Amino acid sequence: MKKLPFLIIFTVAVLLFEGPIPGYTAATWQWLSSLKGQPSGQSMLMPSALYCDRTLERYYVVDAGNNRLLSFNKDGEFLNEFNANGQLQAPFDMVKDCEGHIWVIEKGRNSLTMIDLENKAVENHSLSFNGQTVFPERLEQVDDILYVLDKATGQVLALGMDLKVIRNFACRDGTGFVDFKVRNGFLWAMERDGNMVCFTMDGKPASSIVMEDVVRFPYSLEVGPSGIFYVLDRHGGEVAVFDPEGRFRYRFLTPGQARGRLYFPIELKFDPWGRLCVVEEGNGRVEIFKR
């Protein structure tokens, strides 16, 4: 029997033992569209976050470098821009609450700012916890609670609508979290090394998952169907996918500036329609992928 060359044997072994398994394949993700700013106007400059409004079927992009918020419809068509009459200072993240108020993290003044569009009011709020100033980094909103990642301590703080801390979610080793998401009744937080901690919504740790060490610089996470983890590699310019036990399954996307490539990506988020959105600080856009 003729012997197979070593290279072929080695390649087959890699595919069998290291490659994607059925149900976990990068080929299912295809580029759909890009959010870039006005069709004939100012481009985005260092966008930092995406908020999805299921009811209005809109995307809102925090255009940090231009001190404004941009809105797009579900199909990616530009709708409007908002800069609070020039008052926004280095906005970084945003959500909308149940009453339609917009909450914006402004790094330029270290504020959690409330914008009441109906009454044309803007309120700046400084946060503190245990006598220490809070430096808001990331923001989520569920029901009447705002969840804020404090960059100074790495804790996630749950705030009532009076902006008082009602509970906190702390890292096990004290090094702090770099991102978090509230999904399916749990709060998932990612440690600096990419490992995950799951909390119940009353602040108690429910489980922790050690992820395979394959991501150079884990920066943002998402939790997909069936508990699949998506981790954004800011320096690698790619997305790594892990199963619920933290085993690496595949990676997709590559660094670059062409369509569908990533350059200093900063946030990963699923929209309400099952599409995966990547905010790119370096390329000044949001890339949207579908299955």
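Only one of Gly100, Gly37, Gly41 is at pLDDT below 95, surrounded by 14 or more Cβ atoms within 10 Å (Cβ to Cβ) and out of contact with any His (no Cβ under 9 Å at 6 or more places or on another chain). Can you tell me which?
None of the others qualify; the one that does is Gly37.
How many of the residues in region 37-73 are charged (D, E, K, R) and either closer than 19 Å to Tyr263 by Cβ or more than 18 Å from the chain's Cα centre (by Cα) (or both)?
3
Please state which of the following conditions Asp179 fails to meet, knowing it meets all the rest: (1) at positive phi; (2) crowded, with 21+ Cβ neighbours inside 10 Å.
Just one mismatch for Asp179, condition (1).
Just to verify a result, which residue in region 206-226, among those that are over 20 Å from Thr28 (Cβ atoms) and polar (S, T, N, Q), is nearest to the chain's Cα centre (by Cα)?
Ser220
Looking only at region 243-291, which residues are touching a Phe, Trp or Tyr at 6+ places or on another chain (Cβ under 9 Å) and acidic (Asp, Glu)?
Within region 243-291, Asp243, Glu267, Asp271, Glu280, Glu281, Glu287 meet the criteria.
Taking region 230-272 as the region of interest, how many residues are free of Cβ contacts under 8 Å to residues at least 40 places away in the same chain, part of a strand (DSSP E or B) and under 15 Å from Gly194 (Cα atoms)?
Total meeting the criteria: 6.
Could you check region 68-104 and list, in sequence order, the residues that are in a loop (DSSP other than H, G, I, E, B) and more than 15 Å from Val286 (Cα to Cα)?
Asn83, Gln87, Leu88, Gln89, Ala90, Asp97, Cys98, Glu99, Gly100, His101
Kindly provide the set of residues from region 192-217 that are surrounded by fewer than 21 Cβ atoms within 10 Å (Cβ to Cβ), without any contact (Cβ under 8 Å) to a residue 40 or more places away in the chain and either among the polar types (S, T, N, Q) or more than 25 Å from Gly160 (Cβ to Cβ) (or both), ordered by number.
Those that are surrounded by fewer than 21 Cβ atoms within 10 Å (Cβ to Cβ), without any contact (Cβ under 8 Å) to a residue 40 or more places away in the chain and either among the polar types (S, T, N, Q) or more than 25 Å from Gly160 (Cβ to Cβ) (or both): Arg192, Asp193, Thr200, Ser207, Ser208, Ile209, Val210, Glu212, Asp213, Val214, Arg216, Phe217.
Out of the strands (runs of 3 or more DSSP E) lying entirely within region 124-171, which hold 2 or more residues that are in contact with an Asp or Glu (Cβ under 8 Å, 6 or more places away or on another chain) and closer than 22 Å to Tyr60 by Cβ?
Strands (runs of 3 or more DSSP E) meeting the threshold: 136-142, 145-150.
Kindly indicate whether any position in region 210-219 is part of a strand (DSSP E or B), aliphatic (A, V, I, L, M) and at pLDDT 95 or above.
no
Which count do you get for residues in region 258-276 that are over 22 Å from Met190 (Cβ atoms) and buried (at least 21 other Cβ atoms within 10 Å of the Cβ)?
Residues flagged as over 22 Å from Met190 (Cβ atoms) and buried (at least 21 other Cβ atoms within 10 Å of the Cβ) within region 258-276 amount to 0.
Name the single residue that is nearest to Phe242 (Cα to Cα) among those in region 172-198 being assigned to a loop (DSSP other than H, G, I, E, B) and touching a strand residue (DSSP E or B) at 6+ places or on another chain (Cβ under 6 Å).
Of everything passing the filter in region 172-198, Gly194 is nearest to Phe242 (Cα to Cα).
Check region 55-65 and report whether any residue there is under 16 Å from Arg275 (Cβ atoms), of a type in the set (Asp, Glu) and at pLDDT 95 or above.
Yes: region 55-65 contains one or more residues that are under 16 Å from Arg275 (Cβ atoms), of a type in the set (Asp, Glu) and at pLDDT 95 or above.
Taking region 220-253 as the search range and keeping residues that are hydroxyl-bearing (Ser, Thr, Tyr) and at pLDDT 95 or above, which one is farthest from Glu280 (Cα to Cα)?
Step by step, filter region 220-253, then rank; the result is Tyr250.
For region 42-60, which positions are in contact (Cβ under 8 Å) with a residue 40 or more places away in the chain, over 17 Å from Thr113 (Cβ atoms) and in a strand (DSSP E or B)?
Hits for region 42-60 are Ser43, Leu50, Cys52, Asp53, Tyr59.
The values are calculated or read from the model by the stated rules, or taken from the named source; none is laboratory data. The shown structure was predicted, so the numbers you read here are calculated from the model rather than taken from an experiment. Glycine gets a Cβ as well: all are built from the backbone with ideal geometry, and neighbour counts include every protein chain shown.
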